[in-house]
Amino acid sequence: MTPDPEHHATPHAGSGVAIEPCTLVILGGSGDLTRRKLLPALYNLLLDGLLPSNYAVIGFGRTPCTDEAFRTFARDGIKKFSRQEIRQDTWEDFARRLCYVTGSGDDPNAYRDLRTRIEAVEAQFTLPGHRIFYLAIPPNSFAPACQGLQQAGMGDPPDSPGRSSRVIVEKPIGRDLESARAINATIGGVFRESQIYRIDHYLGKETVQNIMVLRFANAIFEPIWNHKYIDHVQITVSEEEGIGTRAQYYEQAGALRDMVQNHILQLLALTAMEPPYSLDPEVVRNARMEVLRCLRPIRGETAEHMTVRAQYAHGAINGQEVPGYRRETGIRPDSTTETYVALKCYIENWRWAGVPFYLRTGKAMPKRASEIAVQLKDIPEILFSAAPHPRQAPNLLTLRIQPHEGMALRIMSKIPGSKGNTHPVEMNFNYGDAFSAPSPEAYERLLLDVMADDASLFMRHDAVEASWAWVTDILNGWDSHGSRWLPEYPAGTWGPIEADRLIETDGSKWRVL
Ligand code: BG6
């Protein structure tokens, strides 16, 4: 028998696992995420030869739209946001596999229409019925969407062999522990945990995946990766943009919920986790999870000492004036939502006993830059660190998550020609110099992993709840002080003076990126 090329599984880049032909259904199909991220990611996977040879993409949403209009919407989004240009030969095949179903997510009948269309498309392309439902919709729509899918018979995998359904859930998964649990219960009522993929797009970034490789594929770091050698760790995710057009969402969220609960805690978990005994998704997820479980709670009064929250005030970024947060369109003039947060935390296990982790993130800062900086302890005050020599700068390993992806190690070197004078120098690794191929976007990797049924880079329900439990303690601590005016930092600066004090009382300084 000659194999049918339409039904060939494509090997998954990285794992070599076969990717079955599939039907991707995007709920929120006419939304921003679909246009900016999902359709460009799918198209790039196609250009890179990574999509299965047979697939279809069905948009579903309340905005009325025809198949043709959805293809134009996709083309515009891809033109604007794709990392590779549109190629006519591949575009035509991609476009004919795109279609759209108009329907309100609250209307159970709409899901029946959706099912009818899915079945028609699967018959048209001879697709076997591996369905992936992407919930690119706000969290208050998760419940009607899951119920609608279930009532239309699209929840648990259908009985016939060789079929499956998976669901991808976008953040925010809740706004505190209770709401996160409720969302997990709603989705868990329809799909089994093994069918659910909760996205944290930071885990899809190449540089974030490289943290494990750096730590566990090199002999040099692991022996010193503990409280005996490491003085402290700083994790920074700074953003140049303000809140843009997302006032409504951001007012309800703030920096702690928006960035720390998910992205930054995942960076922390990867930096601090124990070596997993295998690369099996559950083993890796357990290792990340254990870090979250070991975080020392920050409760009540402690929240005021261990955290700093602030708002950007009027300022300038790259010569452009930026209004203060409370003057942005859609923001209350007496808003107490934080656009910046810095905090100090501890991981209570043997490896990290006594090592402070300083985390900070903010909007309207001088530049977009994310990094993890691991500072080693001072050398003994003899030889080059003893008088009359100045104190030697401690070794510092910095992992640049974005931009200028790479890493650097600061070491001390003798200044040529001097008797014994020293100067800090850097050993540098840049992705761009070392690898010619550009890195894929996070969503490319993550969509591919769902198709390959690999959940390593996704959040398990218990991890989502553990991070919300920790963050909710801080939120409650803040609330117990009532709402109050927050410290301010001028837009285009590195945060308020209170954040400097938080770290300087320990004898360290924030890095200027
Ligand atoms: C999102 C946040 O999850 O991450 C945004 O909601 C933030 O507020 C964004 O801007 C940052 O992602 P990235 O990939 O641009 O660093």
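The values are calculated or read from the model by the stated rules, or taken from the named source; none is laboratory data. All figures in this text were calculated on a predicted structure; none of them were measured in a lab. Backbone-built Cβ (ideal geometry, glycine too); neighbour counts: all protein chains shown. Areas reflect the complete protein model, heavy atoms only, side chains present, ligands, DNA and RNA absent. Shrake-Rupley method; radii C 1.70, N 1.55, O 1.52, S 1.80 Å.
Excluding F435 itself, what net charge comes from residues whose Cβ is under 14 Å from its Cβ, given Lys and Arg +1 and Asp and Glu -1?
-3
May I ask you to derive the relative contact order of the chain, considering only C-alpha pairs under 8 Å and at least 6 residues apart, and to give it as an integer percent?
16 percent.
Quick one: Kirkwood hydrodynamic radius for region 125-192, alpha-carbon pairs, angstrom, one decimal?
Taking every pair of different Cα atoms in region 125-192, averaging 1/r and inverting gives 12.7 Å.
If r is the Cβ-Cβ distance from L279 to N428 and R0 is 30 Å, what FRET efficiency results, to the nearest 0.05?
According to the calculation, E is roughly 0.60.
Taking the Cβ of A74 as the center, what net charge do the other residues with Cβ under 14 Å away carry, scoring Lys and Arg +1 and Asp and Glu -1? Intermediate results must be reported in sequence, preceding the final value.
Working: positive: R35, R36, K37, R71, R75, K79, K80, R96, R97; negative: D32, D67, E68, D76, E92, D93.
Net local charge, A74 excluded: +3.
From largest accessible area down, sort W225, W494, W485; use a 1.4 Å probe on the protein chains.
Descending order: W485, W494, W225.
Any of K344/K414; K80/K171; K367/K509; K377/K419; K171/K367; K37/K344 with alpha carbons more than 28 Å apart? Name them for me. Intermediate values should be presented prior to the final figure.
Working: K344/K414 35 Å; K80/K171 24 Å; K367/K509 18 Å; K377/K419 25 Å; K171/K367 24 Å; K37/K344 33 Å.
Among K344/K414; K80/K171; K367/K509; K377/K419; K171/K367; K37/K344, the Cα-Cα distance tops 28 Å for K344/K414; K37/K344.
Could you state the angle between the C-alpha long axis of helix 442-451 and the longest principal axis of the C-alpha atoms of the chain, as a value from 0 to 90 degrees rounded to the nearest 10?
50 degrees
Add +1 for every Lys or Arg and -1 for every Asp or Glu among the other residues with Cβ under 11 Å from the Cβ of A452, and state the total.
Overall, the nearby charge balance is -2.
What length, rounded to one decimal in nm, is gained on full extension from R83 through to A437, with 0.36 nm per residue of separation minus their alpha-carbon distance?
Difference between extended and current length: 126.2 nm.
Assuming R0 = 35 Å, can you tell me the calculated FRET efficiency for the pair R293 and A219, based on Cβ-Cβ distance, to the nearest 0.05?
Efficiency, from the Cβ-Cβ distance: 0.80.
Out of all DSSP beta bridges in the chain, what portion is antiparallel? Express it as a percent rounded to 5. It would help to have the intermediate numbers written out before the result.
Details: 45 of 79 bridges.
Within the chain, antiparallel bridges account for around 55 percent of the total.
Determine one quarter of the surface area of the Cα convex hull of region 369-475, which equals its mean projected area, and express it in nm² to one decimal.
For region 369-475, the mean projected area of the Cα convex hull comes to 11.9 nm².
If one takes the longest principal axis of the Cα atoms in the chain, at what angle in degrees, from 0 to 90 and to the nearest 10, does the Cα axis of helix 142-151 lie?
That helix lies at roughly 30 degrees to the long axis.
Explain nothing, just the number: relative contact order of region 52-121, from Cα pairs under 8 Å at least 6 residues apart, as a whole percent.
Once normalised by length, the contact order is 48 percent.
Hey, what did region 91-191 get for relative contact order, percent, Cα under 8 Å, at least 6 apart? Provide the component values of the computation, followed by the final result.
Details: 102 pairs, mean separation 28.1, N = 101.
Reported relative contact order: 28 percent.
Can you pull the one-decimal nm distance between simple spin-label points at L376 and R163, each 7 Å off the Cα toward Cβ?
In this crude label model, L376 to R163 measures out at 5.9 nm.
Order 245-251, 19-25 from most to least packed using the mean count of other Cβ atoms within 10 Å. Can you show the working numbers first?
Working: 245-251: 15.4, 19-25: 23.9.
Descending mean neighbour count gives 19-25, 245-251.
Using a probe radius of 1.4 Å on heavy atoms only, what accessible surface per residue do you get for the chain? Whole Å² is fine.
Result: 45 Å² per residue.
Hey, what's the Kirkwood Rh for the chain if you take every pair of different alpha carbons, in angstrom?
24.8 Å
Ignoring ligands, DNA and RNA, what percent of the accessible area of region 189-345 is carbon or sulfur (1.4 Å)?
Values: 3260 of 6430 Å².
The nonpolar share, carbon plus sulfur, comes to 51 percent.
To test your reading of the geometry: what angle, between 0 and 90 degrees and rounded to tens, separates the Cα axis of helix 177-188 from the longest principal axis of the chain?
Helix 177-188 sits roughly 30 degrees off the main axis of the chain.
Pulled fully out, how much extra length does the chain show between S194 and A387, if you take 0.36 nm times their separation in residues and subtract their Cα-Cα distance?
Values: separation 193, 0.36 × 193 = 69.48 nm, distance 6.09 nm.
Using 0.36 nm per residue and subtracting the Cα-Cα distance, I get 63.4 nm.
If you count, for each residue, the other Cβ atoms within 10 Å and average over each peptide, how do 103-110, 277-284 line up from highest to lowest? Don't skip to the answer; put the middle values down first.
Numbers: 103-110: 15.6, 277-284: 13.2.
Top to bottom by mean Cβ count within 10 Å: 103-110, 277-284.
Region 424-485 to region 250-278: how many Å between their Cα centroids?
Computed from Cα coordinates, the inter-centre distance equals 5 Å.
Work out how much length S413 to T116 would gain on full extension: take 0.36 nm times their residue separation and subtract the Cα-Cα distance, in nm to one decimal.
Net length gain for the segment: 100.0 nm.
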